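Report on the structure given below.
The values are calculated or read from the model by the stated rules, or taken from the named source; none is laboratory data. All values derive from a computational prediction rather than experimental measurement. Quick reminder, even Gly has a Cβ in these numbers, built from the backbone with ideal geometry, and neighbours come from all protein chains shown.
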Amino acid sequence: MSELTVRPGAVPALSAAGLGYSYPRSPAPALVDVSLDVAPGEFVVLAGRSGSGKSTLLRAACGLVPHFHGGRIEGEVGVAGLDAIACGPGELAAAVGYVAQDPETQVVSTTVGAEIGLPLELRGDPPASRARAVEEVALALAIPHLLDRAVDTLSGGELQRVALAAALVTRPRLVLLDEPTSQLDPVSGDELIWLLRRLNEEWGVAVLLAEHRLERCLAAADRVVSMAAGAIVFDGAPAEFLGWARAADPALETPAARLFSLAGIDPLPVGVRAARLRLTSLRASGAGTPAPSTRQAEGAGGPACAPVVPTAAGPVTAVPHPGKGVGARVRPPRRPPVGEQPALSVASLSVELVGDEAPRDVLRGVDLRVDRGERVALMGRNGAGKSTLLKTAAGLLDPVRGKAEAPGGIALLTQNPGDFLVRERVGDELPGPVGEAALHAVGLEHAADADPRDLSGGERQRLALAVTLAGRMEGEALPGLVALDEPTRGMDWARKDDLVALIERLATAGAAVVVATHDVEFAAGFAERVVLLGDGVTIADGPAGEILSGGWYFATEVARVLDLPGVVTPEQGAAALAGRPPGEFANQRLTNPPGREGR
Amino acid sequence: MRSPFAYIPRPGPLQAASPGAAVAYLGALVVVAFLYSNPLVLLAAGAAAVLAGLLAGARTAVRAALRMGVALALLIVVVNALVVDRGQTVLARLGGWPLLGEVTITAEALVAGLSIGLRAAVAMVAFAVYSACVDPDRVLRALRPLAGRSALTATLVSRLVPVAAADAARLRDAAGLRGPGAAEVGKAPLARRLLAGSLDRAVDVAATLELRGYSLERGRPKRPHRSSQRRAIEGKKGLSAPKAFNRGSRFDRRFYLAGAVVLAAAVVGEVAGADEFEVYPAIAVGTGPATLALCALLVLAGLAPRRRRPHRRAAPASPAAAGSPKAVAALRGPGAAPLPEVPRV
């Protein structure tokens, strides 16, 4: 447990006792006997797979459950001394702030200043105190320059901060966040987490943060609460959580913890810093781990030494990692026959989009060639031009200069899969034998009679992909390029596994697969090549192992821990630490390693 | 994609002015358009609206409004020419048409249609400038004391209509990306999906409003007593008055004045015969001094959103001169002791 505990007699920021809840017309309960106390000023991460009840618990804490959603509730929930079941969300608004996964859905005003001031205005605060509160929260979140901006001109990261500001402007005792980083690039995501930590420390706001990408937020947390099937299955400190996850639910392990597990190093690290410190201390006490200097030595033509690391599993030796990297699982790039047409050909591509004042250069002279069978991750911060590149290739946008062609055809799945689902029955979206074949290909043949809106996020994603590929999934009809734009938003690792398997299948069938994503761990899992865009130009293009281990923000957690070229996944890292041959872990699925089969 | 008429915050006088002042100013131009038929006056009012929009930085909105306005004006001209056969100057006889009977195109009918079309175009441009330059949140905040819930509903509409337009564009794009084996997407399923999406958004917005405290009874903002406002501004309670609290603007007077002058001139012009314009049986457009004066005044009124350059003293010739002994000496009062000589290095 964290050091912050509720003192006897003190009012907890959140307290739930025996809380049970079922949504209307839902056969299974969403929350089962949840008992939880969050102390004032505590930073708690809420972990768990999709559908485990995290969002429902947050909604119960802010009063939306049951006041807005209806349903049946039992037990007690209190927020800063207020009975959340008796009080509505409006009355709780002064004590609790809530930020949803998609900030777009919770912005109601047209300008940022008005949006942030709305809760105070509705509360009846006088204009002067309203203005001061807006100014102060804008300063705290570093967005004073946005106050006069229209909300529909903001980037995803900016909008997320505005939503957070609107939640914090009433100075609540508790702030609840439901996967706030799912739409953010690694830079913005990290910034948001540390911003929350700073507010937590300086303002004393208790934070309850539901998140799938635990590697991003665990180091900032005082405590982790894990849920499964609506019940709390773990409640303790982050380091204890990692130990529990290793035994009970490896899907929740962070990559660094997974690396240590595979390498047999204890204790499991909470974040990159702890992992590096542990490896340093091991090196100091023994012969040392692969030192950062190895990188330079590699670059000079090969490893100068093979340092030995004493671990619980015995001494391990770093090994050379030619090409993609040690223990590489991802299939090496397929060399296209000479003269074969590329799946995607982009030459000197420049695209302008109309902005606030004038057209804005989104892409500036991009060149790119992707061949059939390649699996490419297209990465870059928000607004770097990833989606624009894919839309231009699909003919949805016209370039001002250059060209983007997909000679073998393109199937593009845009960011919101719901846009592809316009009917009320899955079978009606994909009629006939061709539709059945498409559903079978994505593993949704059992859902033909379901309403698309009742499917889970991952299933909707697969259904939308089936809609784009229907009638061209086999042989000659298969498009040369399948492009997916941010397909992993809000997905847990189990659903990402499914997606990786689908990508593998499409690539094996001969299609090039290009995925625009912010998720570096996912990219390390499926991609053989990474193209990094920055401000409309290509700033890096190379093997995934090289690109994802050569930086800080666009690097996997394992790469940041080990700082070894080409080592980006826990399996590769463990092989490097263990001094085993590169293929040691190659027969195991990266995203479905031992212990995760049960997902 | 943003609507060309969407409000974009810019640092201009029209944007800084209170909604009332902006409405008074742009509304005066629209009143002139509906009060007058003389095409010269209408053209001058249109020029004033275009000028105001360009000076306020709403080039995109003005361009879009002109495109739509001219198209509408042309449509009105054509329809008027087809259905009205009055006038002495016959340009063409088109024979018998179904429903319309004998169609005769006259120059007078064309000009009459042009006058009506110009009127519509002026109103459209003025509205476009209003839409692009006046913050809807401020308008609605001004209206809230009168009708809080209606104002909030209007806020949501002004926020969600562009969102629905963006949704529709995305749905159209997705429809074009469907595979050949997927069901065809007609307009009806698309419209249904758009409606369902809008309802989902409405639910999200309702939840957000709940979380913001909309359901509270005490939600209606109380207008503080003027003296308590002043105390708050002066900082007696430690409160400052940042820009969000500013109720008025230093530009308000300019726009109220411009609007009042335009209205007064329009009324005086009516009395003085500035609206001389006969179409039937023959065209007679008044170009007397009253008409021309009114036109000139209207065009001048279009300059109201112009940003004045701040007065500055002549800058020193070079950055080095900024701190030169001469420059420093010029800033010292006449009674100040003379500066000591600094030896040159």
Please find, within region A:395-427, the residue that is nearest to the other protein chains (Cβ to nearest Cβ) out of those that are surrounded by fewer than 24 Cβ atoms within 10 Å (Cβ to Cβ) and part of a strand (DSSP E or B).
-> A:E405
Can you name every residue in region A:201-212 that is surrounded by 22 or more Cβ atoms within 10 Å (Cβ to Cβ) and of a type outside the set (V, I, T)?
-> A:A206, A:L208, A:L209, A:A210, A:E211, A:H212
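Only one of these is buried (at least 23 other Cβ atoms within 10 Å of the Cβ) and within 11 Å of another protein chain (Cβ to nearest Cβ): A:L147, A:L176. Name it. Spell out how you get there, then give the answer.
Working: A:L147 fails: buried (at least 23 other Cβ atoms within 10 Å of the Cβ).
Unique residue meeting the criteria: A:L176.
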When residues of region A:454-476 are limited to those that are more than 25 Å from B:A164 (Cα to Cα) and at the interface with another protein chain (Cβ under 7 Å from one of its Cβ atoms), the one surrounded by the fewest Cβ atoms within 10 Å (Cβ to Cβ) = A:G471
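Across region B:176-204, which residue is farthest from the other protein chains (Cβ to nearest Cβ) among those that are surrounded by 20 or more Cβ atoms within 10 Å (Cβ to Cβ) and in a helix (DSSP H, G or I)? If you could, list the steps in order and put the result at the bottom.
First, the residues of region B:176-204 that are surrounded by 20 or more Cβ atoms within 10 Å (Cβ to Cβ): B:177-179, B:181-182, B:185, B:193, B:197.
Restricting the remaining residues to those that are in a helix (DSSP H, G or I) gives B:193, B:197.
Values: B:R193: 4, B:G197: 7 Å.
My answer is B:G197.
Return a yes/no flag: does region B:115-123 have any residue that is at the interface with chain A (Cβ under 8 Å from one of its Cβ atoms) and surrounded by fewer than 20 Cβ atoms within 10 Å (Cβ to Cβ). Break it down into steps so the answer makes sense when it comes.
Applying the first criterion (at the interface with chain A (Cβ under 8 Å from one of its Cβ atoms)) to region B:115-123 yields none.
Scanning region B:115-123 turns up no residue that is at the interface with chain A (Cβ under 8 Å from one of its Cβ atoms) and surrounded by fewer than 20 Cβ atoms within 10 Å (Cβ to Cβ).
Go through region B:58-77 and give me each residue that's β-branched (V, I, T) and under 12 Å from the mean Cα position of the chain (by Cα). Spell out how you get there, then give the answer.
Of region B:58-77, the ones β-branched (V, I, T) are B:60, B:62, B:70, B:76-77.
Within region B:58-77, B:T60, B:V62 qualify.
Please find, among A:V65, A:V44, the residue that is aliphatic (A, V, I, L, M) and in contact (Cβ under 8 Å) with a residue 60 or more places away in the chain.
Numbers: A:V65 fails: in contact (Cβ under 8 Å) with a residue 60 or more places away in the chain.
Of A:V65, A:V44, the one residue that is aliphatic (A, V, I, L, M) and in contact (Cβ under 8 Å) with a residue 60 or more places away in the chain is A:V44.
Quick one: would you say B:V157 is more than 8 Å from every other protein chain (Cβ to nearest Cβ), buried (at least 19 other Cβ atoms within 10 Å of the Cβ), under 21 Å from the mean Cα position of the chain (by Cα) and more than 21 Å from A:S387 (Cβ to Cβ)?
no
Scan region B:1-31 for residues that are among the aromatic types (F, W, Y) and more than 9 Å from chain A (Cβ to nearest Cβ) and jot them down. Even if it seems obvious, please write down each step before you answer.
Residues of region B:1-31 that are among the aromatic types (F, W, Y), as a first pass: B:5, B:7, B:25.
The answer is B:F5, B:Y25.
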Under 7 Å between Cβ atoms, at least 6 apart or on separate chains: pull out the pairs that start in region A:207-235 with a residue that is in the same structural domain as A:P12 (by TED's automatic domain parsing) and in contact (Cβ under 8 Å) with a residue 40 or more places away in the chain and end on any residue that is hydroxyl-bearing (S, T, Y) and part of a helix (DSSP H, G or I).
-> A:A210/A:S55
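Go through region A:153-171 and give me each residue that's of a type in the set (V, I, T) and part of a loop (DSSP other than H, G, I, E, B). Give the steps one after another, and end with the answer.
Within region A:153-171, the subset of a type in the set (V, I, T) is A:153, A:162, A:169-170.
A:V169, A:T170, listed by residue number.
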Taking A:G525 as the residue in question, decide whether it is at pLDDT below 95 and either surrounded by fewer than 22 Cβ atoms within 10 Å (Cβ to Cβ) or at positive phi (or both).
-> no
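Across region B:160-175, what is the number of residues that are acidic (D, E) and more than 9 Å from chain A (Cβ to nearest Cβ)?
Our first condition is that a residue be acidic (D, E); within region B:160-175, this holds for B:167, B:173.
From what is left, the residues that are more than 9 Å from chain A (Cβ to nearest Cβ) are none.
Number satisfying all stated conditions: 0.
Yes or no: region A:442-453 includes at least one residue that is of a type in the set (V, I, T), under 16 Å from B:A182 (Cβ atoms) and more than 8 Å from chain B (Cβ to nearest Cβ).
As a first pass, look at region A:442-453 and keep what is of a type in the set (V, I, T): A:442.
Going one step further and asking which of them are under 16 Å from B:A182 (Cβ atoms), we end up with A:442.
Of the ones still in play, those that are also more than 8 Å from chain B (Cβ to nearest Cβ) are A:442.
Yes; the residues of region A:442-453 include at least one that is of a type in the set (V, I, T), under 16 Å from B:A182 (Cβ atoms) and more than 8 Å from chain B (Cβ to nearest Cβ).
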Among the residues of region B:138-152, write down those that are surrounded by fewer than 15 Cβ atoms within 10 Å (Cβ to Cβ) and either within 11 Å of another protein chain (Cβ to nearest Cβ) or charged (D, E, K, R) (or both).
-> B:R149
Can you tell me which residue in region A:94-129 is surrounded by the fewest Cβ atoms within 10 Å (Cβ to Cβ), limited to those that are assigned to a helix (DSSP H, G or I), in contact with a helix residue (DSSP H, G or I) (Cβ under 6 Å, 6 or more places away or on another chain) and more than 7 Å from chain B (Cβ to nearest Cβ)?
-> A:P103
Output the helices (runs of 4 or more DSSP H) that fall wholly within region B:25-137 and possess 3 or more residues being more than 30 Å from B:E270 (Cβ to Cβ), or say none.
-> B:59-83
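Does B:R170 qualify as being part of a helix (DSSP H, G or I), surrounded by 16 or more Cβ atoms within 10 Å (Cβ to Cβ) and not small (G, A, S)?
Numbers: part of a helix (DSSP H, G or I): yes; surrounded by 16 or more Cβ atoms within 10 Å (Cβ to Cβ): yes; not small (G, A, S): yes.
Yes, satisfied.
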State whether the residues of region A:479-493 include one that is among the β-branched types (V, I, T), in contact with a Phe, Trp or Tyr (Cβ under 8 Å, 6 or more places away or on another chain) and assigned to a helix (DSSP H, G or I).
-> no
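With A:E136, A:E74 as the choices, which residue is surrounded by fewer than 21 Cβ atoms within 10 Å (Cβ to Cβ) and either facing chain B (nearest Cβ under 9 Å) or part of a helix (DSSP H, G or I) (or both)?
Working: A:E74 fails: either facing chain B (nearest Cβ under 9 Å) or part of a helix (DSSP H, G or I) (or both).
Being surrounded by fewer than 21 Cβ atoms within 10 Å (Cβ to Cβ) and either facing chain B (nearest Cβ under 9 Å) or part of a helix (DSSP H, G or I) (or both) holds for just one of A:E136, A:E74, which is A:E136.
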